[in-house]
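Data first, discussion second: the structure below is written as structure tokens.
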Amino acid sequence: MKRHLLEAGDLDRVDATLVLDTAAQIEAALTGREVKKLPTLRGRTVVNLFYEDSTRTRISFELAAKRLSADVINFSAKGSSVSKGESLKDTALTLEAMGSDAIVIRHGASGAPHQLASWVRGSVVNAGDGTHEHPTQALLDAYTIRRRLGRLEGVRVAIVGDVLHSRVARSNVVLLHTLGAEVTLIAPPTLLPVGIGSWPAEVSYDLDAVLPKVDVVMMLRVQAERMTASFFPSAREYSRRYGLDARRMAVLGDEAIVMHPGPMNRGMEIAADVADSVRSTIVEQVGNGVSVRMAVLYLLLGGAPS
Amino acid sequence: MSSYLIKGARVLGGDPADLLLRDGRIAAIGESLSATGAEVLDATGLIALPGLVDLHTHLREPGREDAETVETGSRAAALGGFTAVHAMANTDPVADTAGVVEQVWRLGQEAGLVDVVPVGAVTVGLRGERLAELGAMADSAARVRVFSDDGICVSDPALMRRALEYVKAFDGVVAQHAEEPRLTVGAQMHEGDRSAKLGLTGWPAAAEEAIIARDVLLAQHVGARLHVCHVSTAGSVEILRWAKARGVDVTAEVTPHHLLLTDACAEGYDPVFKVNPPLRTDGDVTALRHGLADGTIDAVATDHAPHAVEDKECEWAQARPGMLGLEQALAIVQDTMVETGLLDWAGVADRMSVRPAAIARLAGHGRPLAPGEPANLVLLDPAARSVVDPAALASRSRNSPYAGRELPGRVVATFLRGVPTVLDGKAQR
Ligand SMILES: [Zn+2]
């Protein structure tokens with residue numbers, strides 16, 4: 001494993017598989033226990049440095065660190081020196097001087113975790129940077145797929161929605177490719193980046209043509225304000241062409257699953273009855289997120305599993 | 001005033017000759033010259049070029065003296081072999097009145113290291129709404145001939161047309177920062193494979209090319225001169241080639257960084273590589289080099305853009321665009337154009353001195369190295385090589401994209417009207 005987890009490309013197939021296997025071991029070790037805690041990172045300090053509001057991701061990392069017995073500091077940009085104009089670099093050096101062993105960073109600017117990693121000695125974990133990457137989301141998605149379908153090699157995954165602005169899509173394309181899955185990206189052409197031809201994925205504008213052929217459908221959140229910038233004409237047209245409703249879900253294969261990184265826009269990219277169906281892994285993804293993040297922190301800070 | 005006898009310099013890279021500088025002019029060029037009382041400079045192995053002229057320099061004064069001043073920028077320019085630089089108008093206050101351009105011009109005179117020639121803003125406050133008093137700036141002591149809203153495109157086509165027409169009255173030229181603003185909202189880097197991967201909002205080549213295409217048509221329609229700043233794409237070179245073939249009176253410049261660096265530099269998210277227009281692809285770099293070689297692109301201009309540490313040591317999206325260029329410009333041109341065989345030293349003199357001076361209607365610069373001409377010249381050692389150390393630069397800022405890079409050539413001496421501003425690689429004031 002590299003010292004940092006900045007993007008999905010930091011993990012080769014061996015490392016990525018190690019993370020998933022470790023997450024599975026951790027999950028097994030904690031199942032049925034009264035006290036859901038391992039002593040592995042006792043005495044180590046993990047800082048959650050969040051420049052964007054994301055309660056669910058912060059809580060997931062916080063829980064992961066605490067279940068490994070690490071000390072956790074939550075440092076949010078609101079109400080701290082950051083809002084008074086302290087630079088990212090000054091903040092990073094301050095946190096390091098306080099003895100942080102790992103910094104989990106969420107930032108609205110693409111590349112902020114890379115810069116942070118160049119300034120600190122401890123490990124940096126990217127918890128989502130701008131429109132770049134969100135590698136632990138991709139890990140938990142891969143973990144979820146493997147758990148449900150029993151494998152990743154050859155699994156056909158459709159990722160549907162605002163690929164252009166999605167860090168989840170970028171990380172998933174890279175990681176799923178590394179792990180042998182076949183990815184198809186589906187979106188209106190306006191929501192696919194120029195340059196997507198260099199990605200290890202197929203591209204389609206036609207959701208209905210792709211759906212019968214896939215094992216996994218991953219729906220991305222689409223923000224309604226994209227239509228004010230003419231990425232698509234209306235929410236209604238978007239959901240008609242690219243939303244997953246019960247009619248579309250019916251053409252999926254028997255084993256196929258439906259995923260969403262959350263938070264969902266019910267009625268926009270995903271219909272409520274789809275989100276709540278047995279195919280949906282959405283709640284499961286949240287739980288798996290804690291296990292996977294425990295595995296990441298453990299491997300970056302604690303070494304190989306015993 | 002002391003006189004200088006330069007022994008054995010290769011004028012424009014030709015055979016060694018002696019040059020006698022006296023009373024601000026080149027008094028004689030020949031073999032085995034001697035002159036009593038003249039300081040003798042051994043220039044064996046050095047190349048003599050006319051003093052370089054930069055059409056595009058950000059000196060930051062007034063307003064951001066923490067990043068650069070006219071004096072520190074002038075020193076950087078002299079060390080880079082320049083004898084004249086054009087100071088861009090996007091200062092605070094904006095150089096959109098005779099008062100501000102005269103202030104900048106006077107600061108340049110006081111620094112005395114290069115001729116600082118102010119560029120006047122095209123529109124009041126660079127706001128793109130109405131013309132600044134272009135005539136007043138032209139008539140001022142600063143004698144402004146180049147007008148630019150650089151940093152911002154004059155995107156309103158009607159306003160651009162009027163500006164092109166209006167400056168004809170005093171033989172001025174509008175230097176356009178070609179960027180269709182609606183196509184570059186939030187743009188961070190060249191739009192292509194790398195921006196897609198890095199998750200940085202793309203700056204499409206078409207946003208530059210669309211404005212250049214529009215402006216060459218406007219310039220032809222009204223019979224005006226047009227200058228295009230920092231051309232960065234292969235498509236722009238094609239449009240310029242087409243326009244020149246049609247007889248449009250258009251000139252263009254390319255920066256050293258666009259001749260050398262590509263969007264691959266963005267991969268580490270180090271904002272020192274953030275610049276506007278952005279670094280492009282290998283194919284663009286090749287097209288720019290060939291465009292400069294065949295004269296489609298007339299000039300190399302630095303777009304020297306100093307920035308304070310806090311404006312660069314931050315998130316990419318928050319960082320200001322721009323990079324230093326004055327002190328390494330000649331080295332980059334040697335590296336990318338001379339050592340690749342695309343341009344000889346006479347060609348370098350043409351693109352870095354003769355043509356930029358002509359575009360700016362700048363008297364006394366870009367002249368041949370010949371008896372009777374003003375003694376504005378640079379001596380460089382083409383055999384030297386050195387590694388760029390930002391801490392050693394004369395600029396007040398440190399945002400050099402060439403840090404740690406080994407580059408060829410060394411400016412040994414620069415003369416401004418017979419007075420050495422640089423000797424033995426050191427600024428003389
Ligand atoms: Zn510009």
Problem - Yes/no for A:ASN288 being of a type in the set (S, T, N, Q), modelled with pLDDT under 95 and within 19 Å of the chain's Cα centre (by Cα) - result: no
Practice task
Could you check, for segment A:176-183, whether at least one of its residues is in the same structural domain as A:SER87 (by TED's automatic domain parsing) and hydroxyl-bearing (Ser, Thr, Tyr)?
Solution key: no
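For segment B:207-214, indicate whether the set of residues that are among the acidic types (Asp, Glu), touching a Gly at 6+ places or on another chain (Cβ under 6 Å) and under 25 Å from B:THR57 (Cα atoms) is non-empty.
Within segment B:207-214 (the criterion being among the acidic types (Asp, Glu), touching a Gly at 6+ places or on another chain (Cβ under 6 Å) and under 25 Å from B:THR57 (Cα atoms)), the answer is yes, since at least one residue qualifies.
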Practice task
Determine if segment A:198-214 includes at least one residue that is part of a strand (DSSP E or B), in contact with a helix residue (DSSP H, G or I) (Cβ under 7 Å, 6 or more places away or on another chain) and without any contact (Cβ under 8 Å) to a residue 60 or more places away in the chain.
Solution key: yes
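Yes/no matrix, rows are residues, columns are (1) within 16 Å of the ligand (Cβ to nearest atom); (2) assigned to a strand (DSSP E or B); (3) in contact with a Ser or Thr (Cβ under 6 Å, 6 or more places away or on another chain):
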| residue | (1), (2), (3) |
| --- | --- |
| B:ASP54 | yes, yes, yes |
| B:ARG60 | yes, no, no |
| B:ASP66 | no, no, no |
| B:THR91 | yes, no, no |
Exercise for the section: Can you run down the residue pairs with Cβ atoms below 9 Å, 6 or more apart or on separate chains, where the first is in segment B:271-291 and more than 13 Å from B:PRO256 (Cα to Cα) and the partner is more than 14 Å from the ligand (Cβ to nearest atom) and of a type in the set (Lys, Arg)? Expected result: B:PRO271/B:LYS312; B:VAL272/B:LYS312; B:VAL272/B:ARG398; B:LYS274/B:LYS312; B:THR281/B:ARG194; B:GLY291/B:ARG241
Practice task
Please list, ordered by first then second residue, the pairs with beta carbon atoms under 9 Å, 6 or more apart or interchain, first in segment A:7-30 and more than 11 Å from A:LEU179 (Cβ to Cβ), second acidic (Asp, Glu).
Solution key: A:GLU7/A:ASP129; A:GLU7/A:GLU133; A:GLY9/A:GLU133
Handout entry: Criterion: within 14 Å of chain B (Cβ to nearest Cβ) and among the aliphatic types (A, V, I, L, M) - qualifying residue of A:LEU207, A:LEU192, A:LEU179
Key = A:LEU192
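Out of the residues in segment A:226-258 that are touching an Asp or Glu at 6+ places or on another chain (Cβ under 6 Å) and surrounded by 17 or more Cβ atoms within 10 Å (Cβ to Cβ), state the one that is farthest from A:ASP53 (Cα to Cα).
Checked segment A:226-258; the qualifying residue farthest from A:ASP53 (Cα to Cα) is A:ALA256.
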Handout entry: Subset of segment A:33-71 that is closer than 17 Å to A:ALA102 by Cβ and among the small types (Gly, Ala, Ser) - its residue that is surrounded by the fewest Cβ atoms within 10 Å (Cβ to Cβ)
Key = A:GLY43
Practice task
Tell me which residues, restricted to segment B:136-149, are away from the ligand (no atom under 16 Å from the Cβ) and either more than 22 Å from B:HIS177 (Cα to Cα) or buried (at least 19 other Cβ atoms within 10 Å of the Cβ) (or both).
Solution key: B:ALA136, B:MET137, B:ALA138, B:ASP139, B:SER140, B:ALA141, B:ALA142, B:VAL144, B:ARG145
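When segment B:150-162 is examined, which residues are found to be within 16 Å of the ligand (Cβ to nearest atom) and either under 10 Å from B:ALA224 (Cα atoms) or among the hydrophobic types (A, V, I, L, M, F, W, C) (or both)?
Listed by number, the residues that qualify are B:ILE152, B:CYS153, B:VAL154, B:MET160.
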Practice task
Would you mind telling me which numbered condition in (1) in a loop (DSSP other than H, G, I, E, B); (2) within 14 Å of chain B (Cβ to nearest Cβ); (3) aliphatic (A, V, I, L, M) A:LEU152 fails?
Solution key: (2)
Fill in the blank from the handout: All conditions in (1) facing chain A (nearest Cβ under 10 Å); (2) of a type in the set (Asp, Glu); (3) in contact (Cβ under 8 Å) with a residue 60 or more places away in the chain are true of B:GLU208 except (1)
Problem - Complete set of residues in segment B:253-283 that are within 12 Å of the ligand (Cβ to nearest atom) and part of a loop (DSSP other than H, G, I, E, B) - result: B:THR255, B:VAL275, B:ASN276, B:PRO277, B:PRO278
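The values are calculated or read from the model by the stated rules, or taken from the named source; none is laboratory data. Just so you know, these numbers come straight off a predicted model, no measurement behind them. Cβ coordinates were reconstructed from backbone atoms using ideal geometry, including for glycine residues, and neighbour counts include every protein chain displayed.
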